[in-house]
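What follows draws every value from the coordinates through simple rules; no lab data is involved. Given the structure is predicted, the values throughout are model-derived calculations rather than measurements. Note that we place each Cβ from the backbone using ideal geometry, even for glycine, and neighbour counts take in every protein chain shown.
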Amino acid sequence: MIPEIVPPDEFMSKRTLNRLIPFSKQMKSVHRRARVQTVSELLTSIISILELRTHFDSISKTSDEFADRWGNVMELCNAAERYTDNGPCLMNPSKNDNDEGGKD
């Protein structure tokens, strides 16, 4: 028996959908990039795609707090450089991956 597909607007608010759809697109972009980018490159892409610098700036109460948060991100980026020679993050995508044509 095939389960009935229920439209998302029947169980999610419009506000939730309006936030979930762009996030879903961002995650698809991250997933596609993971197939070709190294850990370091992917981390840089994630920081950019999710606009983490702006986010950390908006949630930090002081410039010192922001500097501490951003310093942690930069430390992670530097540590990720060690894995550059290992190739793409996602080496063996599953056969069930559905990429929808590779568009961002």
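In a reduced charge model with +1 at each Lys and Arg Cβ and -1 at each Asp and Glu Cβ, segment 30-87 shows a dipole moment near 320 debye about its Cα centre. Taking Lys and Arg as +1 and Asp and Glu as -1, the other residues whose beta-carbon sits under 11 Å from that of residue 59 total 0. Electrostatic bookkeeping for residue 68 treats Lys and Arg as +1 and Asp and Glu as -1; over the other residues with beta carbon under 14 Å from its beta carbon, the sum is -1.
In a reduced charge model with +1 at each Lys and Arg Cβ and -1 at each Asp and Glu Cβ, the chain shows a dipole moment near 220 debye about its Cα centre.
Is any residue of segment 13-40 close enough, with backbone N under 17 Å, to a label point placed 7 angstrom from the Cα of residue 83 along the Cα-Cβ axis, and if so, which? Inside the label zone: 30-40. Summing +1 for each Lys or Arg and -1 for each Asp or Glu, what net charge is found among the other residues whose Cβ lies under 13 Å from the Cβ of residue 21? Charge balance near residue 21 sits at +4. Across the chain, the relative contact order, built from alpha-carbon pairs under 8 Å that are at least six residues apart, equals 40 percent.
Only lysine pairs 8 or more places apart, or on different chains, with alpha-carbon atoms under 23 angstrom apart are counted in the chain, and they number 7.
The phi torsions of segment 75-89, fed into the Karplus equation with coefficients 6.51, -1.76 and 1.60 and a -60° offset, translate into couplings of 4, 5, 4, 5, 5, 5, 4, 4, 9, 4, 6, 7, x, x, 5 Hz, rounded to whole numbers, with Gly and Pro shown as x. Calculated on the Cα set of the chain, radius of gyration then Dmax: 17.7, 58 Å. Exposed loop sites, defined as GluC sites (Glu not before Pro) outside DSSP H, G, I, E and B with at most 15 other Cβ atoms within 10 Å, are absent from the longest region of the chain, namely 52-104.
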